[in-house]
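Just so it is clear, none of the values below were taken in a lab; they were calculated from the coordinates. Owing to the predicted nature of the structure, the values given are computational and were not obtained by experimental measurement. Backbone-built Cβ (ideal geometry, glycine too); neighbour counts: all protein chains shown.
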Amino acid sequence: MSFLAPGFLWLMALSGPIVLLYFFRQRQEERVVPTNFLWAQAIQDTRTAAVLRKFLRSLLLLLQLAFLALAVLALAGATATLWSSGSARLVVAVLDRSASMGIADGEGGRTRLAAAKEALGNAVEGLREGDRMMLVAVDERPEVLVPFTGEKDRLRRAAAAVEVRDLGTDLSEAVVLLRSQVTAAAGRALEVIVLSDGAFEDPGVLEGAEVSFVPFGSAADNEGITALRVDRGAGGGASLFVSAESFGAKPLSRTVSLRRVEGDRLIDAREAAAPPGGQAVLFFPLESVEPGPLEVRLEGSDPFAADDRAWCVFRSEAPRRYAVYGKGNRWIRDLSTFRPGLEGPPEPLATSDALRKAGPVDLVVYDGEVPPDPPPSRAAIYIRCVPPGGPVRAAGTVEFPPVLDWSRTHPVTRHAEFSDLLVVEALRLEGLPPASVLVDSPRGPLLALHKTQEQTALYIPFELDRSNFPLRLAFPLVMANALDHFFSESRPGDEEDLLRSGEPLERVLPVGGVLEVTPPKGTRVSVTAGPTGRAAFRDTFHAGIYRLKSPAGPGAAAASLLRRGESAIAPRPRFEAGGVKHEARPEAVRANVLLRDPLLLIGLAILSIEWLLWVRRR
Amino acid sequence: MPLLEKEFLKRLERLEIAARKVRRGVRRGERISRRRGSSVEFADHRQYSVGDDLRFLDWSVYARLDRLMVKLFHDEEDLAVHLLVDTSRSMDYGEPTKLLYALRVAAAIGYVALAGQCRVRPALLRAPDRIESPGYLRGMGSAERLLGFLERAGAEGPNGLRDGLRRLASEVRPKGVVVLVSDLMDRDGVDAALSALARNPGDLFAVQVLDPFETDPGIEGEFRLVDSEDGSRAEVSVTPEVLAAYRRRCGAYLAAVDGACRRRGIRRLETTTAVPFEKLVLEVLRTRGLLR
């Protein structure tokens, strides 16, 4: 038997006063007799009868104590364990703490997580001597909160400390963990209780365990912001892309507002409308918006508030700079023709001194040659040349290399056609990993994008004038794609506009520099930059604005939920694991039955009997 | 208040101690001894033999039968009466108390004995083996001493019957009439005490004085019964069943005491303080052969 409110058990102390009152009430008369040994013998003669008589005489007292005990047990929420399994059990409780578990659609406005915790509490109470339970909290990754133990208090405390995180649900890693536990169980049956609303994809097959799915939640209709992005136009302008979706049977018809976080000032508002299950896409121009933290809000209310708000930190982008080194050619002279907003010298730089004097650049195009000491740059395009001392080497030349194949999905070669590419002569490149080859020929790569820690480089191993590449549509596409690809990545010191909650928040700092992060919920945390000069804060579990303080000054970062899987809040009656359907089994955690009602009924019966006895004795 | 009223004392003077066994006394008294002596009460004849006092020859017999016969007379002796009173705390119970009743019984018997020229030795049996006694009293002049001694007696201590009687038997070894007045209530039994009493050669009487509560408590309910002698407590729920069991136990105990007395030649007289004292002395003691 266990108790929901064991604090009430202190009331059992009332039995003391009851017994005392009973015996005080009995008025035992003291009487001096010449000798009492004959009485002792008489008592001995009637001992058996006396026991029965005492019992009958004490019946009222016994009934009172019984009623008190029953009342206290009822108040304390006594529950009885109904487990009937004979052998000791190994139970893994998987508690979902993803964002959708924060929906308050339970009885009395309880959140799904609160209901899951209560169910987990029942399962813990149902543990018997020898049973062991492991508690695993899961969002997008599993976390073992308590390894296998029979300590109920420890399990209860760990469960009570679990909080909702603004993350999605992914059980695939949890299943890997569970598989290892099945192996470790060494033949013993492993019970897995999944306490979740079921908003997750098939995590993979889980054999050797008895899986019980205990679903929570009732609300199904929801609208939420599923995508948010700052699009920076080629000309430097920016706009905010917002996607709002309807989940469920109701159409979407809500106002999406853009607000400045400081002061909650409204900047702009648009109407979002979509049919049931549809999507509404909105753009907020940011040209006239001052940099700083912004909030996008889906006005109105629905059961899931976490996806009704999203945040970003809008920053003005510094212009990207480039330089062309070498003799130059007519096709690559002004890169801003491929991507507006780029700045660079109008003429190619013929010497390495001129290249150095050009100052820091983001991109260098090496046309036919590379100086012995090239300046550092995050991106480079090598046209019929390779950097000295690098892993990529030129091993001679090849003539008329035919195009064998090209990547149709890589961002750089996307939408480009290479089947009619003709090259008179090309360098035979070696040292490139196969994955970096974008256009291949039997004699070597014809286009490659190689990424290292220091640099992202596009290799064009042939002279443009000795090919038909500049005359093909693929050329401007590749150039534009490559420039977008180069500059879509942040430069050292660049800051992201927004994160999805759970993604690490990184800043480039001097080695040993300290980044202070104040999350939307919680207290300030200090992170020290490592040898690479990067300070990473990974506990971005909650959506909102993260206030930052670093040697460079104060700043901010934004994290948002932005997960379609979580926004689809309708509880699932089952989930699939490796194609095996696991139906909902709420009874898996109903090991204990609340005894309050039967206890109260028995107590009333006892009161009735006592009343009858009292009336008869009077 | 005196133990015995004057009117009652006068009535006692008409009684005398009836001893079945007549023992040699130390002084001549009113008792007729079996010893043929020189009193005037004729007892028997016997053949004359040389040396007999010629004064006791019965000449009338010689005249009729021509035979020399000597007249024999009863010798008169005084009789010792030992009055043993149990003064344990169990005697201090009831209204009147058993002790008062016992003292009055002893006083009455003693007075009768003094009036009959017997030697009277009252004794109070105290625990553990102490005997309080003024010694032998003789003659009516000692009546006041006897009554005064008994009037001053109070109950104290536990039951000292067995040890007191043993000591009495070894030191005094009383002859004559020995009267023990006690409730004869002892959780260890009274066999040992009665055996000690039976070691005395005289006529042995045991007057067992009980309170009516002891034979028929007539109570019901929750009681903590405190033993008057050792203070022990017994918590008893007195119900009709327990009461019946008590009566059975009490009857069995008294029967056992009676049997023990019979086996030892002790004449036992059981009474309760509810029996009027005068009736006990003037009727019961006479019918039971202690007085006549």
Can you order the peptides B:234-241, A:39-46 by their average number of other Cβ atoms within 10 Å per residue, highest first? A:39-46, B:234-241
Two-site label geometry, B:VAL172 and B:GLU95: point separation in nm, points 7 Å out along Cα→Cβ: 3.4
Take the eigenvalues of the Cα gyration tensor for segment A:435-528, scale each by 5, and report the square roots as semi-axes in whole Å, largest first. 41, 14, 11
Prolate/oblate/rounded call for segment A:469-577, Cα gyration tensor, a/c under 1.5 rounded: oblate
How much net charge surrounds B:ASP191 when only the other residues with a Cβ under 15 Å from the Cβ of B:ASP191 are counted, with Lys and Arg +1 and Asp and Glu -1? +4
Counting only DSSP beta bridges with both partners in the protein assembly as shown, the antiparallel fraction in percent, to the nearest 5, comes to 60
Residue by residue, what Karplus-based ³J(HN,Hα) values in Hz, rounded to whole numbers, does segment B:3-15 have, using 6.51, -1.76 and 1.60 with θ = phi - 60° and x for Gly and Pro? 5, 10, 6, 4, 4, 5, 4, 5, 5, 5, 5, 7, 9
Could you tell me which residue out of B:GLY221, B:TRP59, A:LEU477 lies farthest along the dipole of the protein assembly as shown toward its positive end? Charges go on the beta carbon: Lys and Arg +1, Asp and Glu -1, centred on the Cα centre. B:TRP59
Using the Cα centre of chain B as the reference point, and only Cβ charges (+1 on K/R, -1 on D/E), how large is the resulting charge dipole? Debye, rounded to the nearest 20. 1500
What Rg and what Dmax come out for segment B:200-278 when only alpha-carbon atoms are used, in angstroms? 15.5, 48
Other protein chain Cβ atoms within 10 Å, averaged over every residue that makes up A:40-48: 6
Checked against the positive end of the charge dipole of chain A (+1 on Cβ of Lys and Arg, -1 on Cβ of Asp and Glu, about the Cα centre), the farthest of A:GLN44, A:PRO285, A:GLY530 is A:GLN44
Under 20 Å between alpha carbons, and skipping anything fewer than 8 positions from A:LYS117 in its own chain: which lysines qualify? A:LYS152
I want the antiparallel fraction of DSSP beta bridges within chain B, as a percent rounded to 5. 50
Name the residues whose placed amide hydrogens come within less than 5 Å of the amide hydrogen of A:ARG321, ignoring near sequence neighbours (fewer than 5 apart) on the same chain. A:GLU343, A:ASP362, A:LEU363
Please give me the summed charge of the neighbours of B:GLU151: other residues whose Cβ is under 11 Å from its Cβ, Lys and Arg +1, Asp and Glu -1. +2
Degrees between helix A:596-617 axis and first principal axis of chain A (Cα, 0 to 90, nearest 10): 10
Can you pull the mean other chain C-beta count within 10 Å for peptide B:225-234? 5
Residues A:SER301 and A:SER180, FRET efficiency given R0 of 45 Å [Cβ-Cβ distance, rounded to 0.05]: 0.55
Rg (Å, one decimal) plus Dmax (Å, integer) for the alpha carbons of the protein assembly as shown? 60.9, 206
What lysines does B:LYS10 reach when the alpha-carbon gap must be under 30 Å and sequence neighbours fewer than 8 apart in one chain are set aside? B:LYS21, B:LYS98, B:LYS175, B:LYS279
Once amide hydrogens are built 1.01 Å from N within the peptide plane, the residues lying 5 or more places from A:VAL525 or on another chain with amide H under 5 Å from its amide H are A:VAL517, A:THR518
Which order do A:VAL361, B:VAL172 fall in if you start with the one that has the fewest other Cβ atoms within 10 Å? B:VAL172, A:VAL361
Proxy exposure order for A:HIS410, A:HIS450 (fewest C-beta within 10 Å first) is A:HIS410, A:HIS450
Centroid-to-centroid separation of segment A:186-206 and segment A:285-310 [C-alpha atoms, Å]: 36
Cα→Cβ-extended label distance, 7 Å offset, between A:VAL424 and A:GLU143, nm: 6.4
Sequence neighbours fewer than 8 away in the same chain don't count; with that in mind, list the aspartates and glutamates whose C-alpha is under 20 Å from A:LYS357. A:ASP334, A:GLU343, A:GLU347, A:ASP367, A:GLU369, A:ASP373
Simple Cβ-charge dipole of chain A, Lys/Arg +1 and Asp/Glu -1, about Cα centre, in debye nearest 20: 2740
Place a +1 charge on the Cβ of each Lys and Arg in segment A:222-317 and a -1 charge on the Cβ of each Asp and Glu, then give the dipole magnitude about the Cα centre in debye, rounded to the nearest 20. 60
Rounded tilt (10° steps) of A:47-57 against the dominant C-alpha axis of chain A: 60
Dividing the convex hull volume of the Cα atoms of segment A:320-486 by its residue count, what figure in Å³ per residue is obtained? 103
Take peptide B:248-254, look around each residue's Cβ out to 10 angstrom, count Cβ atoms belonging to other protein chains, and average those counts. 3
Least to most buried among A:ILE569, A:ILE609, A:ILE545 (fewest other Cβ within 10 Å first): A:ILE609, A:ILE545, A:ILE569
Relative to the longest principal axis of chain B, what angle (0 to 90°, nearest 10) does the C-alpha long axis of helix B:98-115 take? 10
Hydrodynamic radius of segment A:251-294 per Kirkwood, over alpha carbon pairs, in Å: 11.7
Leading residue at positive end of dipole, the protein assembly as shown (Cβ point charges), from A:TYR546, A:PRO372, B:LEU83: B:LEU83
Within chain A, helix-based [θ] at 222 nm, where runs of 4 or more DSSP H residues each add -39,500 (n - 2.57), nearest 500: -6500 deg cm²/dmol
With a 10 Å radius around each residue's Cβ, average the other Cβ atoms per peptide and rank A:421-434, B:205-218, A:144-157, highest first. B:205-218, A:421-434, A:144-157
Gaussian network model of chain B, springs between alpha carbon atoms under 10 Å - residue of B:GLY110, B:GLY202, B:GLY135 with greatest fluctuation: B:GLY135
